[in-house]
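J.: Starting off with a structure, shown below.
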Amino acid sequence: MTNPPRVEGAGAGAGNGAPAADPRGWTLPPAVRLDDLGPLAEPISERNGQAIAVRPLADHPGWLAKLYRPGRHAEDAARLDLLIAAPGTLPEADRAVLHAGTCWPAARIHAPGNPAVGCVVPMAPEHYRAELRRGGFGERRFVEIDWLAKPDASIRRIGLPPPGFDGRLAACRRLAELAAVIADLGLVYSDWSFSNAFWSPDRHSVYLIDVDGCQPAKMPDVHQPNWDDPLTPQGTDADTYTDRYRLGLLVAKCMTGLRDADAFHAVAASPWPNQSAVCEVLLDTLLATDRERRPSAAQLHQALDGGPYLRAMPRPPRAALPLLPVTNPRPRTALVTDPEKTAPVAPPTAEKKQQAPTPSYDGWILALVVVAMIVIFILAASH
């Protein structure tokens, strides 16, 4: 069973006009009117997901107004108030992790007749931008974590420093740490995927976006291609166990630099020295047949941080590894400790086909010659 959401007891100060001291550099009330924010700059994003626009605050550099599509209700405002108050319930260290690694909402924007116009969120720090070189052209932009889920050689080709094993481990450790803090608040994020996190190749850190969509205990499960939880049937809500699966899938892809079934097989081959605990946690997460026995984000973080993996019970039953494509043109490789080298990983269940012996025609030719000579000899003797 999941613990009751911690944020439920934290809403007393939200929306009552009390200023919220935010360590990210701006103190503002937990609920504000759009006019109170000053002029808005041109949108940096429009009609993306739940937002109709995301616009920088001209008078407050580094902050954004995320404006929602019309039709929000009072329950949306209450949920936002809970999120805004939630960091105040955390220990100082966890609060610092949350603010450094997410665009956690700082205030709810309201208007007459609309209690949830949007929210004020911080912009991702500048070190999550980099110059990406593709096709002879360069563009400075935020680096999505999608790039970390590719081999070092692919990352090097776009002008980014390859992370190697240590860089991948550091980034995934931060992912799991953020997930553990969110889970400790009793919240469900559900959006673990390539498009909702940025990666800093220089600092080996990550930054989650769209966290204002978090909900207590459960939320509608939105279909995401290649991220579906096999044990969360379509039409049911996403919950903490869905979060565990998607987090594990994201970490497996980023640790191996591989996608799809290749990532599963690479983890099963345990390619990283002294990282057996990480492999065991990931396999229990991705292959468990009982969703409630998936390891927590805290257990994954502990393993990524060099700690042990302590199961509360014997190892849960695991499903079979997903089948690899019949023809896979990509070499299946997994990272080793030397970031410049890769080692081939053979599918654990693969079997070599016995090759039929190559037919030899020499024996047949000799036999035919002998038979022909015998026939000639018999014909000659008959005459």
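J.: Pull up the range 113-153, narrow it to residues that are among the small types (Gly, Ala, Ser) and touching a residue at least 24 places away in the same chain (Cβ under 8 Å), then point me to the one that is nearest to residue 226 (Cα to Cα).
T.: To start, the set of residues in the range 113-153 that are among the small types (Gly, Ala, Ser) comprises 113, 116, 118, 124, 130, 135-136, 138, 149, 153.
Going one step further and asking which of them are touching a residue at least 24 places away in the same chain (Cβ under 8 Å), we end up with 116, 118, 124, 130, 149.
Numbers: 116: 32, 118: 30, 124: 26, 130: 27, 149: 13 Å.
So the residue we want is 149.
J.: Quick one: what pairs do we get from the range 161-175, first residue buried (at least 19 other Cβ atoms within 10 Å of the Cβ), second of a type in the set (Ser, Thr, Tyr), C-beta under 6 Å, 6+ apart or different chains?
T.: From residues that are buried (at least 19 other Cβ atoms within 10 Å of the Cβ), the pairs are 165/337; 174/205.
J.: Also: From 220, 225, 233, 201, which residue is surrounded by fewer than 19 Cβ atoms within 10 Å (Cβ to Cβ), more than 22 Å from residue 287 (Cβ to Cβ), out of contact with any helix residue (DSSP H, G or I) (no Cβ under 6 Å at 6 or more places or on another chain) and of a type outside the set (A, V, I, L, M, F, W, C)?
T.: Working: 225 fails: more than 22 Å from residue 287 (Cβ to Cβ); 233 fails: more than 22 Å from residue 287 (Cβ to Cβ); 201 fails: surrounded by fewer than 19 Cβ atoms within 10 Å (Cβ to Cβ).
Exactly one residue qualifies, and that residue is 220.
J.: Something else now. Do the conditions hold for residue 206, that is, is it under 19 Å from residue 302 (Cβ atoms), open to solvent by less than 20 Å² (accessible area, probe 1.4 Å) and of a type in the set (Val, Ile, Thr)?
T.: Values: under 19 Å from residue 302 (Cβ atoms): yes; open to solvent by less than 20 Å² (accessible area, probe 1.4 Å): yes; of a type in the set (Val, Ile, Thr): yes.
Yes: the conditions hold for residue 206.
J.: Scan (1) within 30 Å of residue 239 (Cβ to Cβ); (2) out of contact with any strand residue (DSSP E or B) (no Cβ under 6 Å at 6 or more places or on another chain); (3) at pLDDT 85 or above for the single condition residue 35 breaks and write down its number.
T.: Checking residue 35 against (1) within 30 Å of residue 239 (Cβ to Cβ); (2) out of contact with any strand residue (DSSP E or B) (no Cβ under 6 Å at 6 or more places or on another chain); (3) at pLDDT 85 or above, the one that fails is (1).
J.: Could you check the range 269-320 and list, in sequence order, the residues that are in contact with a Pro (Cβ under 7 Å, 6 or more places away or on another chain) and either assigned to a loop (DSSP other than H, G, I, E, B) or buried (at least 21 other Cβ atoms within 10 Å of the Cβ) (or both)? Walk me through it before giving the result.
T.: The first filter runs over the range 269-320 and keeps only residues in contact with a Pro (Cβ under 7 Å, 6 or more places away or on another chain), leaving 269, 277, 281, 284-285, 288-290, 293.
Answer for the range 269-320, where residues must be in contact with a Pro (Cβ under 7 Å, 6 or more places away or on another chain) and either assigned to a loop (DSSP other than H, G, I, E, B) or buried (at least 21 other Cβ atoms within 10 Å of the Cβ) (or both): 269, 281, 284, 285, 288, 289, 290.
J.: Separate question: For the range 79-93, give me each residue that is open to solvent by 50 Å² or more (accessible area, probe 1.4 Å) and part of a helix (DSSP H, G or I). Working first, answer last.
T.: Filtering the range 79-93 down to residues open to solvent by 50 Å² or more (accessible area, probe 1.4 Å) leaves 88, 91-93.
Answer for the range 79-93, where residues must be open to solvent by 50 Å² or more (accessible area, probe 1.4 Å) and part of a helix (DSSP H, G or I): 88, 92, 93.
J.: Starting from the range 79-95, keep only residues that are closer than 12 Å to residue 215 by Cα, then list their pairs with residues that are of a type in the set (S, T, N, Q) whose Cβ atoms are within a distance under 8 Å, requiring at least 6 positions of separation or different chains.
T.: So the pair list comes out as 79/215.
J.: While we're here: Kindly indicate whether residue 44 is open to solvent by 70 Å² or more (accessible area, probe 1.4 Å) and either under 22 Å from residue 179 (Cβ atoms) or of a type outside the set (Lys, Arg) (or both). Don't jump to the end; show me each part of the working.
T.: Working: open to solvent by 70 Å² or more (accessible area, probe 1.4 Å): yes; either under 22 Å from residue 179 (Cβ atoms) or of a type outside the set (Lys, Arg) (or both): yes.
So residue 44 fits the description; yes.
J.: Counting only residues that are under 14 Å from residue 109 (Cα atoms) and touching a residue at least 60 places away in the same chain (Cβ under 8 Å), how many does the range 40-53 have?
T.: Residues meeting the conditions: 1.
J.: If you don't mind, another one. Of 212, 166, 262, 229, which residue is of a type in the set (Asp, Glu), under 21 Å from residue 288 (Cβ atoms) and part of a helix (DSSP H, G or I)? Give the derivation first.
T.: Values: 212 fails: under 21 Å from residue 288 (Cβ atoms); 166 fails: under 21 Å from residue 288 (Cβ atoms); 229 fails: part of a helix (DSSP H, G or I).
So the residue among 212, 166, 262, 229 that is of a type in the set (Asp, Glu), under 21 Å from residue 288 (Cβ atoms) and part of a helix (DSSP H, G or I) is 262.
J.: Shifting gears a bit: Which number in (1) open to solvent by 30 Å² or more (accessible area, probe 1.4 Å); (2) assigned by TED's automatic domain parsing to the domain that holds residue 270; (3) not in a helix (DSSP H, G or I) marks the one condition that residue 130 misses?
T.: It is condition (1) that residue 130 fails.
J.: Residue by residue through the range 236-259, note down the ones that are open to solvent by less than 50 Å² (accessible area, probe 1.4 Å), over 16 Å from residue 180 (Cα atoms) and either not in a helix (DSSP H, G or I) or not assigned by TED's automatic domain parsing to the domain that holds residue 206 (or both).
T.: If we filter the range 236-259 for residues that are open to solvent by less than 50 Å² (accessible area, probe 1.4 Å), which is where we start, we get 238-243, 245-258.
Now restrict to residues that are over 16 Å from residue 180 (Cα atoms): 238, 252-258.
If the condition is that a residue be open to solvent by less than 50 Å² (accessible area, probe 1.4 Å), over 16 Å from residue 180 (Cα atoms) and either not in a helix (DSSP H, G or I) or not assigned by TED's automatic domain parsing to the domain that holds residue 206 (or both), then 238, 257, 258 are the ones that fit.
J.: Does residue 107 satisfy the criteria of being out of contact with any Ser or Thr (no Cβ under 9 Å at 6 or more places or on another chain) and buried (at least 22 other Cβ atoms within 10 Å of the Cβ)? It would help to see each step written out before you state the result.
T.: Details: out of contact with any Ser or Thr (no Cβ under 9 Å at 6 or more places or on another chain): yes; buried (at least 22 other Cβ atoms within 10 Å of the Cβ): yes.
Criteria met by residue 107.
The values are calculated or read from the model by the stated rules, or taken from the named source; none is laboratory data. Predicted, not measured: the structure shown is a model, and the values here were computed from it. No Cβ is skipped: glycine too gets one built from the backbone with ideal geometry, and neighbour counts run over all protein chains shown. Surface areas here come from the heavy atoms of the whole protein model, side chains and all, with no ligands, DNA or RNA. Shrake-Rupley method; radii C 1.70, N 1.55, O 1.52, S 1.80 Å.
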